[in-house]
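These notes concern the structure reproduced below.
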Amino acid sequence: MTERLSVMPGGTWRNWGRSVKAVPTFMVRAGSAEEVVATIRFARERGLPVKPVGAGHSFSPAAATNGVQLDLRWLDGVLATEPLAGGNALVTLGAGTNLYQLPALLGDLGLAMQNLGDIDRQTIAGATATGTHGTGRAFGGLATRIRRATIATADGELLRVSETEHPELLPAVALAIGSLGVLVDVTIECVPAFTIHAVERRERLDEVLDGWEERTRDADHFEFYTWPHADWVLSKTNTRLGPDAPVQRLGRVREWFDDTVMSNGLYSQLLGIGTVIPAAVPGINRLAARLASTREFSDDSQAVFVSPRTFRFREMEYALPVEAVPSAVREIRDRIESRGWRISMPIEVRCAAPDDLWLSTAHGRATGYIAVHRFAGERLGDYFREIEPILVAHDGRPHWGKMHERSAADLRPAYPRFDDFLAARDRLDPDRVFGNEYLRRILGD
Ligand SMILES: Cc1cc2nc3c(=O)[nH]c(=O)nc-3n(C[C@H](O)[C@H](O)[C@H](O)COP(=O)(O)OP(=O)(O)OC[C@H]3O[C@@H](n4cnc5c(N)ncnc54)[C@H](O)[C@@H]3O)c2cc1C
């Protein structure tokens with residue numbers, strides 16, 4: 001069986017944000033459910049753990065292993081579709097499908113993802129495993145759209161989980177941080193393709209914070225970026241339109257200029273200057289805020305949700321009760337000023353609907369997300385370490401795919417179904433075949 005596997009000796013692996021390095025003993029590429037099961041057997045025969053890796057876009061060490069790293073990039077594409085009443089449809093995707101493949105795959109079917117995050121580099125299994133989310137008070141993270149999954153378990157079984165097959169496991173398997181087994185495929189409830197009308201505006205920070213709750217309720221998708229040392233935000237208000245709504249894309253030159261030159265190219269140059277000359281950061285931030293120009297356009301949903309990120313950074317993000325956002329943002333900004341830090345990258349603020357997945361950061365409450373970033377060229381210093389307690393004090397839960405220092409003992413009280421999740425883990429992976437350092441820290445043992 002193992003002869004059919006593409007097994008390579010492990011080399012040094014790094015995540016996208018360069019915050020994690022690991023040296024797996026073996027790297028395996030699997031292109032079918034049978035090969036995934038064979039990989040698990042291969043690892044167990046050698047007493048090694050197995051860790052599926054997606055696109056390596058987690059800032060946390062969620063995907064790190066010194067055992068067998070399992071790459072599922074060959075397990076991609078649409079495996080099945082099933083229409084539902086009302087226009088939605090179930091689409092089964094290979095676990096290694098990258099989100100950037102979706103416009104082509106779903107577009108042919110007249111479908112789209114209900115919501116997406118900022119980028120499309122992740123795999124569907126990796127994104128859902130860590131609770132990846134976009135913004136929108138009425139919309140949950142990507143994992144909330146999983147209706148069925150096939151998971152290869154530690155004992156080599158291919159377990160189907162759905163509303164009718166092991167339904168008790170669905171709220172655990174849909175968002176498991178890779179701890180329960182290897183997802184082979186996931187079935188997502190997609191919606192009919194739609195257009196988004198996007199409005200991006202420069203606004204006063206205080207006005208946006210004072211109107212935060214209302215703004216999140218009034219818009220389909222509301223978010224904003226605020227630069228430390230500047231009193232402005234760039235707000236983004238997206239309205240969902242029908243598929244037949246006229247598309248008014250930004251001109252190609254404008255789009256290239258905004259996304260490539262301004263948002264990424266010139267901005268990364270400015271960030272580089274700030275790294276060498278920290279005293280220049282407040283001026284750079286005020287300039288960046290001023291350059292955040294108003295623009296309005298309509299496009300296919302995925303083209304509006306995601307943007308390119310061409311420079312590297314590191315990120316910590318917490319999920320708070322939505323009403324706690326204004327106070328937490330103000331406290332973070334006050335701390336930055338009182339400590340005299342020069343922070344060049346903006347703070348990103350989003351929201352999401354409550355959901356019932358056991359380890360979802362939005363479990364059981366309307367949620368606001370606050371993310372802080374540091375350019376990859378800068379030292380983290382005390383920034384994340386001192387901001388984290390502020391977010392925790394606001395009843396925050398860390399994003400599983402981003403940097404944080406929390407452990408199982410801290411996390412248990414934050415998740416009402418934490419122990420149910422651990423029981424599911426004991427049932428599906430009693431020997432911790434899918435374990436790693438990170439899971440030991442956040443789940444215990
Ligand atoms: C530039 C950038 C922008 C981002 N934007 C957002 C955003 O807007 N919103 C947001 O919420 N997050 C965002 N993130 C975080 C990112 O979405 C998550 O960290 C996501 O998990 C990365 O997906 P991946 O495919 O790279 O998975 P990886 O990082 O490779 O893996 C993540 C976890 O998934 C597990 N996994 C992977 N494949 C499988 C499988 N087949 N079966 C079981 N487990 C599996 C891994 O073992 C690991 O535990 C961003 C990250 C970056 C770098």
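Here, each number is a calculation from the coordinates, and none is a lab measurement. The shown structure was predicted, so the numbers you read here are calculated from the model rather than taken from an experiment. In this analysis, Cβ positions are derived from the backbone assuming ideal geometry, glycine residues included, and neighbour counts consider all displayed protein chains.
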Taking the reciprocal of mean 1/r across every pair of different Cα atoms in region 382-443, the Kirkwood radius in Å is 12.9 Å
How big is the chain along each principal axis, measuring the range of its Cα positions in Å and listing the largest first? 60, 50, 39
Please report Rg over Rh for region 113-162, where both radii come from the alpha carbon positions and Rh follows the Kirkwood definition. 1.05
From Cα coordinates alone, what are the radius of gyration and Dmax values for region 63-217 in angstrom? 17.4, 56
For a test of the definition: using alpha carbon positions, the gyration tensor, and the 1.5 limit on a/c, classify region 282-377 as rounded, prolate or oblate. oblate
R295 versus E437: modelled label distance in nm, points set 7 Å from Cα along the beta carbon direction: 4.0 nm
Nearest 10 degrees, 0 to 90: what angle lies between the long axis of helix 281-291 and the longest principal axis of the chain (Cα atoms)? 90 degrees
If one takes the longest principal axis of the Cα atoms in the chain, at what angle in degrees, from 0 to 90 and to the nearest 10, does the Cα axis of helix 418-428 lie? 30 degrees
Cα-based convex hull volume of region 312-426 per residue, rounded to whole Å³: 108 Å³
Expressed as cubic angstrom per residue, what is the convex hull volume of the alpha carbon set of region 128-263? 174 Å³
Region 1-100, Kirkwood Rh and Cα Rg, ratio Rg/Rh at 1.06
Given the DSSP H assignment, sum -39500 (n - 2.57) over each helix run of at least 4 residues in the chain and divide by its residue total; what's the result at 222 nm in deg cm²/dmol, nearest 500? -7000 deg cm²/dmol
For the chain, take the longest principal axis of its alpha carbons; what is the angle in degrees between that and the long axis of helix 383-393, to the nearest 10 within 0 to 90? 80 degrees
